[in-house]
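First the structure, in the form of structure tokens, and then the observations on it.
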Amino acid sequence: MSNKKQQVSRRQFLNYTLTGVGGFMAAGLLVSPLRMAIDPVLKHSSSGDFVNVGISVDEINDTPQRIDWTVEQVDGWYKSEPSRSAWVYKDENGDVVALSPICTHLGCVVSWEGSDQHPDHFYCPCHNGLYTKDGVNVPGTPPLAPLPVYEQEIRDGILFLGNPIEREGA
Amino acid sequence: MRWHKTDVSQYVEAKEYIDSAVIPLISLDFSLDIEKNAAQNEILEILASQLERELTGRLMLVPSYYYIKTGNREVEISRLNNWVEHIKTQPFRHVFFLTFDSAWKKEEQALQGSLIWLPGIQSGEINSKEMQGMVREQVVQIGELIRSYW
């Protein structure tokens with residue numbers, strides 16, 4: 001009578017519980033290495049730090065125009081949103097060129113045809129620095145290096161810009 | 001150039017190129033207009049830093065000069081002139097004061113620098129698109145004014 005009721009023996013019961021608990025523990029240990037192993041798949045595809053600067057390629061023509069945007073930046077303990085600017089235009093091959101507006105002399109902001117005396121040049125108001133349209137400094141003016149060029153990417157006809165790359169002096 | 005370590009070390013090396021100083025004049029007023037006062041302080045700081053960004057290579061943004069709005073102007077003028085004298089020994093050729101406080105306009109003659117008084121921007125949403133556009137517009141015009149002295 002009692003034999004018939006006792007379908008699970010004490011030994012069996014202990015076996016079941018131990019396997020169950022052990023299984024949970026093993027699974028718990030496996031979760032983090034597994035998560036790490038497949039992590040690259042779960043990450044957003046952030047190819048560098050390219051930012052949508054809010055202009056489509058169609059809007060760019062062969063006259064440089066100034067665009068401004070902000071990037072998020074964590075600097076030590078404060079988060080800031082520094083604004084950035086670029087001069088963008090299409091060169092004679094139709095390729096988009098994005099130049100940093102920061103003068104390589106002492107860091108003022110240059111502007112396209114900023115002086116009436118120097119058409120077709122980038123002009124720095126601080127010390128009369130001059131750059132040709134491709135951003136190369138004109139010898140004899142204070143700047144010693146060309147304007148940096150932004151890394152760029154075009155996705156679905158929208159311009160994305162990365163970091164400005166410095167160039168060797170002319 | 002800002003009054004920061006990295007900028008100042010660059011300044012020391014390129015002193016001959018940086019010949020203009022800008023001192024923002026910011027009033028302190030804890031009375032009824034406290035909110036407006038704070039908003040103007042905020043906008044003036046933004047304006048000054050944007051202006052500095054445009055003309056970094058020739059402009060030194062000196063730490064702001066704070067004063068109590070209802071205080072004794074003569075004392076403030078003589079202190080400000082001390083600042084100017086001290087700054088000009090560096091050599092700086094031009095010293096500009098940037099302010100929203102129209103009371104300075106009357107004292108302009110007594111100041112040993114050029115006063116740039118801006119009509120106060122009415123307190124609006126500081127981060128709004130309109131405000132940013134307005135500040136940018138103002139910065140361009142102040143920049144042109146400063147360049148006319150060069």
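The values are calculated or read from the model by the stated rules, or taken from the named source; none is laboratory data. Here the structure is a predicted model, which is why all the values come from computation and not from measurement. Counting neighbours? That spans all protein chains shown, and the Cβs are built from the backbone with ideal geometry, glycine included. To get the accessible areas, we keep the full protein, side chains included, count just its heavy atoms, and leave off ligands, DNA and RNA. Shrake-Rupley method; radii C 1.70, N 1.55, O 1.52, S 1.80 Å.
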A:S85 fails exactly one of (1) within 14 Å of chain B (Cβ to nearest Cβ); (2) open to solvent by 30 Å² or more (accessible area, probe 1.4 Å); (3) under 22 Å from the mean Cα position of the chain (by Cα), namely (2)
Residues of the stretch A:52-78 classified as open to solvent by 40 Å² or more (accessible area, probe 1.4 Å) and either at pLDDT 85 or above or within 24 Å of B:G133 (Cβ to Cβ) (or both), total: 13
Does B:Q138 satisfy being of a type outside the set (D, E, K, R) and either closer than 21 Å to B:M1 by Cβ or free of Cβ contacts under 8 Å to residues at least 24 places away in the same chain (or both)? yes
Strands (runs of 3 or more DSSP E) lying entirely in the stretch B:1-88 (those with 3 or more residues that are under 27 Å from B:M134 (Cβ atoms) and away from every other protein chain (no Cβ under 13 Å)): B:20-28, B:65-68
May I ask you to list the residues in the stretch B:62-77 that are farther than 23 Å from B:A39 by Cα and touching a helix residue (DSSP H, G or I) at 6+ places or on another chain (Cβ under 9 Å)? B:E74, B:I77
Taking the stretch B:79-120, which residues are within 30 Å of B:A14 (Cα to Cα) and of a type in the set (S, T, N, Q)? B:N81, B:N82, B:T89, B:Q90, B:T99, B:Q112, B:S114
Do you know which of the residues in the stretch B:87-117 that are aliphatic (A, V, I, L, M) and touching a strand residue (DSSP E or B) at 6+ places or on another chain (Cβ under 7 Å) is nearest to B:L28 (Cα to Cα)? B:L98
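Quick grid of which residues meet (1) within 20 Å of B:R58 (Cα to Cα); (2) among the small types (G, A, S); (3) open to solvent by 10 Å² or more (accessible area, probe 1.4 Å); (4) within 14 Å of chain B (Cβ to nearest Cβ):
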| residue | (1), (2), (3), (4) |
| --- | --- |
| A:A98 | no, yes, no, no |
| A:V110 | yes, no, no, yes |
| A:C126 | yes, no, no, yes |
| A:K133 | no, no, yes, no |
| A:V136 | no, no, yes, no |
| A:L144 | yes, no, yes, yes |
| A:R155 | no, no, yes, no |
| A:F160 | no, no, yes, no |
Mind listing whichever residues of the stretch A:64-82 are within 11 Å of chain B (Cβ to nearest Cβ) and in contact with a Lys or Arg (Cβ under 9 Å, 6 or more places away or on another chain)? A:D68, A:T70
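Conditions tested, residue by residue: (1) basic (K, R); (2) under 15 Å from the mean Cα position of the chain (by Cα); (3) surrounded by 16 or more Cβ atoms within 10 Å (Cβ to Cβ).
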site	(1), (2), (3)
B:L61	no, yes, yes
B:G71	no, no, no
B:V75	no, no, no
B:V95	no, yes, yes
B:I116	no, yes, yes
B:R136	yes, no, no
B:L145	no, yes, no
Positions within the stretch B:2-28 being of a type in the set (G, A, S), over 19 Å from A:G129 (Cβ atoms) and in contact (Cβ under 8 Å) with a residue 40 or more places away in the chain, in sequence order: B:A21, B:S27
Can you say whether A:I102 is under 23 Å from A:G162 (Cβ atoms), surrounded by 11 or more Cβ atoms within 10 Å (Cβ to Cβ) and facing another protein chain (nearest Cβ under 10 Å), as far as the supplied structure shows? yes
Say we look at the stretch B:99-108 and pick out the residues that are in a helix (DSSP H, G or I) and within 15 Å of B:R79 (Cα to Cα); which of these is farthest from the chain's Cα centre (by Cα)? B:E108
Would you check which residues across the stretch A:46-67 are under 15 Å from the mean Cα position of the chain (by Cα) and either under 23 Å from A:Y123 (Cα atoms) or of a type in the set (V, I, T) (or both) and list them? A:V51, A:V53
